[in-house]
Amino acid sequence: MTPTSTEALRDLVASSLVAARERTQLLTGCVDDTDLTRQHSPLMSPLVWDLAHVANQEELWLLRSVGGREPMHPEIDPLYDAFEHPRAERPTLPLLPPAEARAYAHEVRGRVLDLVERATFSGTRLLTGAFAFGMIAQHEQQHDETMLITHQLRKGAPVLSAPPPPPPPADALSLPREVLVPGGPFTMGTSTHPWALDNERPAHTVAVPGFYLDTTPVTNAAYTEFIADGGYDNPRWWSPAGWDHRQRVGLVAPLFWRRDGGGWVRTRFGLTEQPPPAEPVLHVSWYEAQAYAAWAGRRLPTEAEWEKAARHDPATGRSRSFPWGEEDPGPDRANLGQRHLQPAPAGSYPLGAAPSGARQLAGDVWEWTSSDFLPYPGFTAWPYREYSEVFFGSEYKVLRGGAFGVAPVVGRTTFRNWDYPIRRQIFAGFRTARDAEPAVSGPGA
Ligand SMILES: [Fe+2]
């Protein structure tokens, strides 16, 4: 994704904005006004807040900052400032009702598309490579993912539907359990991707010792063994903070799972079903992922290990934009873009494999890494401190790789997500790693 001509950039901007809006309309059009204005969980905003917030950010960055226009409704700006009002408080605000929120979003978008027609995508840093437009398309898609989480938390009959992911390929059951990522330096982050956000920058060299990584994310079947083996009841596997949390809130299984006879069922977008054994496990916290890894005699990968496994090509020494190379994600390579409402079975998407042989590093489930969310060496906040800088620190753990509800425009291997280690409503799973054995030396070796 690096169009060079103005015409190609214009097409990319328009199609990225349209794709985001279609998804927003799908997620807000399938429920009635009562549902749109209700708060389905204190963790989430009412859907109608996301809708107008997306439009407000689009107006702020594209119409005002890029286009130099006057504010359309300055009195509503504070309502949709995510830093002024925490999510739990948003239902109490005098928010735009659904019809007005839709009209506002429609009006902003019409003016933005006029701007796109005349933009040259040069002259200022916001315009270069259409960065501000890419940032806004990604922002809307990230809120679409947030709205999809709200749908998952929403009680009631299903309102979303999608075809199941394709069945796994014939070799899915015979894949090696883990792949070797040989030691050595690689290029982490990017200085060149025009739509990369500040926390992905700059590119820098990181030395990563050899390690083994699970070929696929950990499955429901494997996770169920951890539960059955008493994994939730043995403090030995848990970090002190994780055990404390497990005790305090009574964790016994992933979020949305409950006991059903001798087994488990889970609820997914209003449907209750047995967790498909081959599907990557979802809705586990970082603490649970860490405990599972310890139980399995392994550990979570670091963020640098994860990124190296996902994009380093030992044949060329270069880092790729996607595990398979530079081509944009398509339905044959990754489960992205809410085409399905669940992860694909472990071992799917052989065409999306990384050079290491690991599969599903893009899409399916966000993957917890062991790493805190920290700036790369040489980081500078752009275009505003609140995008990432205010979140840096040990409070947040990094997730990588995107999930089935993540848009392709956000699916690049440098993209960084972060959340608290207790969070479970997000579409998060994980895979495990271990150090490569040190080389054997001795007589005859
Ligand atoms: Fe936002």
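Where a number appears in this text, it was derived from the coordinates with a stated rule and is not lab data. Here the structure is a predicted model, which is why all the values come from computation and not from measurement. As a convention, Cβ positions derive from the backbone with ideal geometry for all residues, glycine included, and neighbour counts pool all protein chains shown.
Some points to look at:
- Against the chain, whose longest principal axis comes from its Cα atoms, helix 240-249 is set at around 70 degrees.
- For segment 302-445, the relative contact order works out to 26 percent when only alpha carbon pairs closer than 8 Å and six or more residues apart are counted.
- Contact order normalised by residue count of the chain, Cα under 8 Å, 6+ apart, percent: 18
- Relative to the longest principal axis of the Cα atoms of the chain, the long axis of helix 286-295 makes an angle of roughly 10 degrees.
- Compactness check for segment 1-128: Cα Rg over 2.2 N^0.38 Å is 1.14.
- Arg431 long-range amide H proximity, modeled H, under 5 Å: Val218, Trp368
- Here the relative contact order of segment 34-87, from alpha carbon pairs under 8 Å that lie six or more residues apart, stands at 31 percent.
- Model label sites at Asp260 and His106, defined 7 Å from Cα along the beta-carbon direction, differ in position by 4.1 nm.
- Ranked by the mean number of other Cβ atoms within 10 Å per residue, highest first, peptides 311-321, 358-368 order as 358-368, 311-321.
- The simple spin-label model puts a point 7 Å past each Cα toward its Cβ; for Asp372 and Ser5 those points are separated by 4.9 nm.
- Residue separation of Asp171 and Asp233 scaled by 0.36 nm, minus their Cα-Cα distance, works out to 18.8 nm of gained length.
- Residues Met72, Met147, arranged from fewest to most other Cβ atoms within 10 angstrom of their Cβ, appear as Met72, Met147.
- Converting phi to 3J(HN,Hα) with the Karplus coefficients 6.51, -1.76 and 1.60 and the offset θ = phi - 60°, segment 401-413 yields x, x, 9, 4, x, 9, 6, x, 5, 10, x, 5, 6 Hz in sequence order, with x at every glycine or proline.
- Taking amide H as placed 1.01 Å from N in the peptide plane, Tyr396 has its amide H under 5 Å from the amide H of Phe373, each at least 5 places away in sequence or on another chain.
- Judged by the mean number of other Cβ atoms found within 10 Å, the most tightly packed of the peptides 349-357, 93-101 leads the ranking 349-357, 93-101.
- Estimated 222 nm signal from helices in the chain, with DSSP H stretches of n ≥ 4 weighted -39500 (n - 2.57), rounded to 500: -9000 deg cm²/dmol
- Scalar couplings 3J(HN,Hα) for segment 17-31, obtained by applying the Karplus form with A = 6.51, B = -1.76, C = 1.60 to θ = phi - 60°, are 5, 5, 4, 5, 5, 4, 5, 4, 5, 4, 6, 9, x, 8, 10 Hz; x denotes Gly and Pro.
- Cα-based helix-to-principal-axis angle, 98-118 vs the chain, degrees rounded to 10: 90
- Of Gly134, Gly330, Gly263, the one that fluctuates the most in a GNM where the chain has Cα springs shorter than 10 Å: Gly263
- Scaled against 2.2 N^0.38 Å for its residue count N, the alpha carbon radius of gyration of the chain is 0.99.
- Karplus 3J(HN,Hα) series, Hz, for segment 127-144 with 6.51 cos²θ - 1.76 cosθ + 1.60 (x for Gly, Pro): 8, 4, x, 6, 3, 4, 5, x, 4, 6, 5, 5, 4, 5, 5, 5, 6, 4
- Centre separation in Å (Cα based) which lies between segment 373-390 and segment 172-232: 23
- Highest average first, the peptides 214-223, 251-260, 36-45 ordered by how many other beta carbon atoms sit within 10 Å of their residues are 214-223, 36-45, 251-260.
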